[in-house]
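Asker: Pasting a structure below so you can have a look.
The values are calculated or read from the model by the stated rules, or taken from the named source; none is laboratory data. The model shown is predicted, which means the values in this text are computed figures rather than measured ones. Virtual Cβ from ideal backbone geometry, glycine too; neighbours counted across all protein chains shown. The accessibility values were calculated without ligands, DNA or RNA, using every heavy atom of the protein model including side chains. Shrake-Rupley method; radii C 1.70, N 1.55, O 1.52, S 1.80 Å.
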Amino acid sequence: CNLNCEMCAQRKQSTIQYEIDPQNLSDAVDQLLQWKNRFEVYLWGGEPFLHPQFFQIVEAMVQRHLPVTVNTNGTRLYRYAEEICRSRIKRIIVSIDGTREIHNKIRGAEVYDSIVAGMRKVKLLRRFLPFITANIVVTQKNHAILPQIVGSLFSIGAEFIEIQLPFFYTPAEGLDYE
């Protein structure tokens, strides 16, 4: 990930490094498709848009008629808005945890304005998809202004709102995770 969100163990300074090979993922999905069950692909964990072959992975899933949802911190939305809209991603879930000041404090970087610009650009360029969902992680810093946050998210382009209660870990548990 490229952020240092205070509530997340997948933050920038994490020592965990995973990278999925698109061909291995495609092979695994082909095996799953033999079950004839319907499912969708949910790309999350760190920041998906940082993967150098992200759009190849999405294309492989879309070619198999699998709906793709991407959970993102939103920092790359503006840069990749055209590709996102062409890729047939079904839904983008964007993490926004407050007003500019609160969001930036929680996420550990001055990113609020670029995320909002990215959401607006995706909404402007798309024909129908992707749907834009905003995800609010409830913390001590934002719980008192949730109604204000929700109102602002609809005004900047979110069509759906998710409110996420965080997992609570002790510092020792967080280190074990890493």
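Asker: Read through the list (1) surrounded by fewer than 12 Cβ atoms within 10 Å (Cβ to Cβ); (2) at pLDDT below 80; (3) more than 22 Å from residue 91 (Cα to Cα); (4) not small (Gly, Ala, Ser), then give the number of the only condition that residue 38 fails.
Answerer: (3)
Asker: Give the residue that is farthest from residue 98 (Cα to Cα), with candidates limited to residues of region 41-53 that are open to solvent by 10 Å² or more (accessible area, probe 1.4 Å) and assigned to a helix (DSSP H, G or I).
Answerer: 50
Asker: Additional query: Could you list, in sequence order, all residues of region 58-80 that are surrounded by fewer than 21 Cβ atoms within 10 Å (Cβ to Cβ) and not aromatic (Phe, Trp, Tyr)?
Answerer: Going through region 58-80, the residues surrounded by fewer than 21 Cβ atoms within 10 Å (Cβ to Cβ) turn out to be 59-60, 62-67, 69, 71, 76, 78-80.
Across region 58-80, the qualifying residues are 59, 60, 62, 63, 64, 65, 66, 67, 69, 71, 76, 79.
Asker: So, in region 125-161, exactly how many residues are part of a helix (DSSP H, G or I) and in contact (Cβ under 8 Å) with a residue 12 or more places away in the chain?
Answerer: Step one: list which residues in region 125-161 are part of a helix (DSSP H, G or I), which gives 125, 143-155.
Of the ones still in play, those that are also in contact (Cβ under 8 Å) with a residue 12 or more places away in the chain are 125, 145-146, 148-150, 152-153.
Number satisfying all stated conditions: 8.
Asker: Here's a follow-up. Quick check on region 67-115: of everything there that is in contact with a strand residue (DSSP E or B) (Cβ under 9 Å, 6 or more places away or on another chain), part of a loop (DSSP other than H, G, I, E, B) and among the charged types (D, E, K, R), which residue is farthest from residue 166 (Cα to Cα)?
Answerer: It comes out as 88.
Asker: When you check residue 26 against the structure, is it within 19 Å of residue 156 (Cβ to Cβ) and surrounded by fewer than 20 Cβ atoms within 10 Å (Cβ to Cβ), yes or no? Walk me through it before giving the result.
Answerer: Values: within 19 Å of residue 156 (Cβ to Cβ): no; surrounded by fewer than 20 Cβ atoms within 10 Å (Cβ to Cβ): yes.
Judged against the criteria, residue 26 is not a match.
Asker: How many residues does region 68-89 hold that are more than 14 Å from residue 48 (Cβ to Cβ) and not hydroxyl-bearing (Ser, Thr, Tyr)? Break it down stepwise before answering.
Answerer: First pass over region 68-89, keeping only residues more than 14 Å from residue 48 (Cβ to Cβ): 78, 81-82, 85-86, 88.
Those left that are additionally not hydroxyl-bearing (Ser, Thr, Tyr): 81-82, 85-86, 88.
Residues in region 68-89 being more than 14 Å from residue 48 (Cβ to Cβ) and not hydroxyl-bearing (Ser, Thr, Tyr): 5 in total.
Asker: Report the residue count in region 1-31 for those that are at pLDDT 80 or above, over 19 Å from residue 71 (Cβ atoms) and not hydroxyl-bearing (Ser, Thr, Tyr).
Answerer: 6
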